């Protein structure tokens, strides 16, 4: 697998933040908490809101990749204090310190709830386990993205690195950047995607200018967006959270449901 592109102009490693690699913002440390597939237990959201209230600005923010961010956290020599890292770990949202930056998995938010050709929630869980189990993938850039589309086409335009488009309830077509590949069973898809990602890590090396994406040229192109509308939708209600989630909102959602889905449109599907 090629890990270079004529359009690549990288001159430094990526600086995408994580829990163990905070970004030094003007208001304090900013950290990103990966939420594979956007599938978020409300108990974990309540716990993370408590961390934000105790150590940060009190809000949990949603990113364009359906992850979460905390801001205004304390930092010592560019790192969070051990107590803050342990508090985030206690939420269950940091299962592997070594793979803090690697668990970037985007999935159709409504999968398994309404529509789509397949329920990809089991694949999200299997892929996350397989990524964390691979020592090689601890070296994935923080910008590298796995994209799983359940056939409705809502996140298909986000394919930059590796992914899968469901073709029916049991199989999907592998994507490598913009290119389509083989159709594989969903029960094998996690292993196939991890093997391809390991090939990428080995091919890219560890130079400062090593590529962040499988296909840098495609990554630089503008891509269309197919947003899920806010309001009542099939499978629940899509709520916009442009200003973040406060502890009271997290507690209210936890009283209604055991899980919400973070969406790549700065929203939450309840």
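Observations on the structure shown:
- Residue list for the stretch 2-28, restricted to those being modelled with pLDDT under 60 and surrounded by 14 or more Cβ atoms within 10 Å (Cβ to Cβ): 3, 4, 5, 8
- Scanning the stretch 172-199 for residues that are in contact with a strand residue (DSSP E or B) (Cβ under 8 Å, 6 or more places away or on another chain) and more than 22 Å from residue 153 (Cα to Cα) yields 196, 197.
- Positions within the stretch 192-213 being in contact with a helix residue (DSSP H, G or I) (Cβ under 8 Å, 6 or more places away or on another chain) and surrounded by 13 or more Cβ atoms within 10 Å (Cβ to Cβ), in sequence order: 193, 194, 197, 198, 201, 210, 211, 212, 213
- Picking from residues in the stretch 41-66 that are surrounded by fewer than 23 Cβ atoms within 10 Å (Cβ to Cβ) and either within 29 Å of residue 149 (Cβ to Cβ) or without any contact (Cβ under 8 Å) to a residue 24 or more places away in the chain (or both), the one that is farthest from the chain's Cα centre (by Cα) is 43.
- Residues in the stretch 149-188 that are over 22 Å from residue 215 (Cα atoms) and surrounded by 23 or more Cβ atoms within 10 Å (Cβ to Cβ): 150 only.
The values are calculated or read from the model by the stated rules, or taken from the named source; none is laboratory data. Because the structure is predicted, anything quoted here is derived from the model rather than measured. Here the Cβ is made from the backbone with ideal geometry for all residues, glycine too, and neighbour counts use every protein chain on show.
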